[in-house]
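See below for the structure under consideration.
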Amino acid sequence: MKGITKPKGFGIAAITTLLAVLLIAAAIVPAMGAHEYGTDDEVDRLVHDLEDAVASYNGAATDGCPEDAANYTEDIDRILTELEALGMEAEFTVTSENHGMATVDVSVVPVAEQKRTRGHSVSANEEQLEIIRQLWGQNITRGEYMEKVMPEVLVDTPEEIVKQLYATKMDWPDPSEVGAPSTGVTKAFKPSSESTDVEQPKTIIIVAGDSKMDAEWPDMDFSSWSRVCLPHPWYRLPYMSVYSYLWYKDENNNLRLKSSEFDDGSNVYKVEASDSYSASTSGNYCVTGAHYALLPPGYIPPESVLSSSTGWSYVGP
């Protein structure tokens, strides 16, 4: 094994475009642990860069330009990763909605111990791959799956999250049913606490996931990733995870799992499982992603479960 730890109404068209750009263009950087070093000058520089990037993002959101907003989102992601490495965290507040995209205010504060991000990245070795093949399709929970495949991750995961993982069924994105490339999106609502005859505003969380494969024989780069899109792209969830599976299909339509990647995190807004694979046999390959997120209390549904796929592509000389 390697790599352990390491809205009331909204514009559907704009959200759809923004999701597509974010999921295709954004290269998600795994969360880094806070080392709590660095000078005040370093922090001040990053805070200044963050404020500039947020202002640019807000301008793109206000003008209804999802492609530009997605580019600035990537810039903000990078700055946030650097701030976290220095023991700092950005707090975002929604100021308005424009064309289905939220504008935000941002402030930077030291990370409280209970709010630190915790995550794991796992590349399955041959022994783990064989266990996954044997487990595939069984009626087991996420906790049971992790217990058999990557038990050390459970040891390092908060107890309340572990309990939820043992209470949630494992999902299996079926490669035999893969057709065109697909992206997953889920929505969850938090109803108003007041009961009136007038419909009350609801808070909405949108989580999206996608998979990607780039191949140049014999090498393939593949990934599956998830991120929060609303209330805003940096809204942190209690827990997120993603599995990325690389499949091979021979001329007789027999399927073989070739590689599996996993990434998770608590108190995060995005996760990505990615790796490279060098093929020894030409043929049809695809990537399926299994995406999961535990939402804050009060949301309906309480979890986000979705799948994604690249569709089948021939890879060969």
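The values are calculated or read from the model by the stated rules, or taken from the named source; none is laboratory data. It should be emphasised that the depicted structure is a prediction, and the values quoted were computed from it without experimental measurement. Positions of Cβ are generated from backbone atoms using ideal geometry, with glycine treated the same way; all protein chains shown enter the neighbour counts.
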Inset, instruction - At least 3 residues that are under 23 Å from Leu165 (Cβ atoms) and under 12 Å from the mean Cα position of the chain (by Cα) in each: list the strands (runs of 3 or more DSSP E) lying fully within the range 260-317 that qualify. - result: 270-278, 283-294, 303-309
Legend entry - Some residue of the range 211-233 being in the same structural domain as Ile300 (by TED's automatic domain parsing), in contact with a Pro (Cβ under 8 Å, 6 or more places away or on another chain), surrounded by 17 or more Cβ atoms within 10 Å (Cβ to Cβ) and not in a strand (DSSP E or B): yes
Inset, instruction - Please verify whether the range 241-250 includes one or more residues that are farther than 29 Å from Met101 by Cβ, touching a Cys at 6+ places or on another chain (Cβ under 6 Å) and buried (at least 21 other Cβ atoms within 10 Å of the Cβ). - result: yes
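Each row is one residue, and each column tells you yes or no for (1) surrounded by 14 or more Cβ atoms within 10 Å (Cβ to Cβ); (2) modelled with pLDDT under 95; (3) of a type in the set (A, V, I, L, M).
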| residue | (1), (2), (3) |
| --- | --- |
| Ala31 | yes, yes, yes |
| Ala34 | yes, yes, yes |
| Tyr37 | no, yes, no |
| His48 | no, no, no |
| Glu51 | yes, no, no |
| Tyr57 | yes, no, no |
| Thr62 | yes, yes, no |
| Tyr72 | yes, no, no |
Inset, instruction - Would you point out the residue of the range 123-136, among those that are within 16 Å of Ser244 (Cα to Cα) and over 23 Å from the mean Cα position of the chain (by Cα), that is surrounded by the fewest Cβ atoms within 10 Å (Cβ to Cβ)? - result: Glu126
Inset, instruction - Considering every residue within the range 196-207, establish whether at least one is modelled with pLDDT of 95 or more and more than 18 Å from the chain's Cα centre (by Cα). - result: no
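To keep it simple, each residue is scored yes or no on (1) assigned to a helix (DSSP H, G or I); (2) assigned by TED's automatic domain parsing to the domain that holds Leu306; (3) at pLDDT below 90.
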| site | (1), (2), (3) |
| --- | --- |
| Ala90 | no, no, no |
| Asn139 | no, yes, no |
| Glu160 | yes, yes, no |
| Phe189 | no, yes, no |
Inset, instruction - Report, by residue number, each residue of the range 101-122 that is in a loop (DSSP other than H, G, I, E, B) and either more than 26 Å from Pro151 (Cβ to Cβ) or among the aromatic types (Phe, Trp, Tyr) (or both). - result: Val111, Ala112
Inset, instruction - Name the residue, out of Ser308, Ser278, that is buried (at least 22 other Cβ atoms within 10 Å of the Cβ), farther than 21 Å from Pro158 by Cα, in contact with a strand residue (DSSP E or B) (Cβ under 9 Å, 6 or more places away or on another chain) and in the same structural domain as Ser123 (by TED's automatic domain parsing). - result: Ser308
